[in-house]
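Data block below; observations after.
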Amino acid sequence: MIDHDGFRPNVGIILSNQDRRLFWGRRVGQNAWQFPQGGINPNESPEEAMFRELEEEVGLQEQQVTILGYTRGWLRYHLPKRYIRRHCGPTCIGQKQIWFMLRVHCGEDAFCLDHTDKPEFDAWRWVRYWQPLNEVVYFKRHVYLQALEELAPILYPEGAPMREAQYARGARMMRQRCT
């Protein structure tokens, strides 16, 4: 399902543990790390898609997490030209995402990365809040920054942790490119 602007509706999932660390998954067979995410099917709400993707990619079910919040609107990123498939229609130029912040309240033994025939991840770890900005593929960084900035007050009502110098510098550069 591609919208009239060429964006595929999608959900992003930020899983946090009791220590406010974030789930960070490694894509199967790659040295590429990201948060769980996936497309929204026709007649499926973003919340329904989020729970489906959570189970498919991480093996967790609705009762094992609590929704802490979600982004107010769609956050978009464009795919690099080399990833755009132009020979099948409609052309998808990127993704628009609703991001969910979840708290996990089950043990790590409940995580199952091979819950489906085509797993997304082959490894995972807990990371500090801003760490994904340095490790996610470059074309998704600005949307990760937007999601993390918007959702930080939910996880850190007292104020989000300071970004390490490398994250802050990268965030400034991303903002300058987006304006």
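Numbers for the structure displayed
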| item | result |
| --- | --- |
| Identity of the residue in region 86-113, without any contact (Cβ under 8 Å) to a residue 40 or more places away in the chain and within 26 Å of Asp19 (Cα to Cα), that ends up surrounded by the most Cβ atoms within 10 Å (Cβ to Cβ) | Glu108 |
| Neighbours by Cβ (under 8 Å, 6+ apart or cross-chain): first from region 34-49, touching a residue at least 40 places away in the same chain (Cβ under 8 Å) and under 15 Å from Leu113 (Cα atoms); second open to solvent by 40 Å² or more (accessible area, probe 1.4 Å) and aliphatic (A, V, I, L, M) | Gln34/Val137 |
| Long-range neighbours under 9 Å by Cβ, at least six apart or interchain, first residue without any contact (Cβ under 8 Å) to a residue 40 or more places away in the chain and acidic (Asp, Glu) within region 50-70, second buried (at least 22 other Cβ atoms within 10 Å of the Cβ) and assigned to a helix (DSSP H, G or I) | Glu62/Leu54 |
| Some residue of region 38-61 being assigned to a loop (DSSP other than H, G, I, E, B), crowded, with 19+ Cβ neighbours inside 10 Å and among the aliphatic types (A, V, I, L, M) | yes |
| Residue, farthest from Ala160 (Cα to Cα), within region 10-33, restricted to residues that are open to solvent by less than 10 Å² (accessible area, probe 1.4 Å) and either in a loop (DSSP other than H, G, I, E, B) or of a type outside the set (A, V, I, L, M, F, W, C) (or both) | Asn10 |
| Subset of region 62-88 (residues that are at pLDDT 95 or above and in a helix (DSSP H, G or I)) | Glu62, Gln63, Gln64 |
| Search result, residues across region 121-145 that are assigned to a loop (DSSP other than H, G, I, E, B) and open to solvent by 60 Å² or more (accessible area, probe 1.4 Å) | Arg128 |
| Options His4, His78, His105; residue that is farther than 23 Å from Val136 by Cβ and in contact with a strand residue (DSSP E or B) (Cβ under 7 Å, 6 or more places away or on another chain) | His105 |
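The values are calculated or read from the model by the stated rules, or taken from the named source; none is laboratory data. Since the model is a prediction, treat every value here as computed from it, not as a measurement. Ideal geometry is used to build each Cβ from the backbone, glycine not excepted, and the neighbour counts take in all protein chains shown. The protein model used for the area step is the full one, side chains on, heavy atoms only, and it has no ligands, DNA or RNA in it. Shrake-Rupley method; radii C 1.70, N 1.55, O 1.52, S 1.80 Å.
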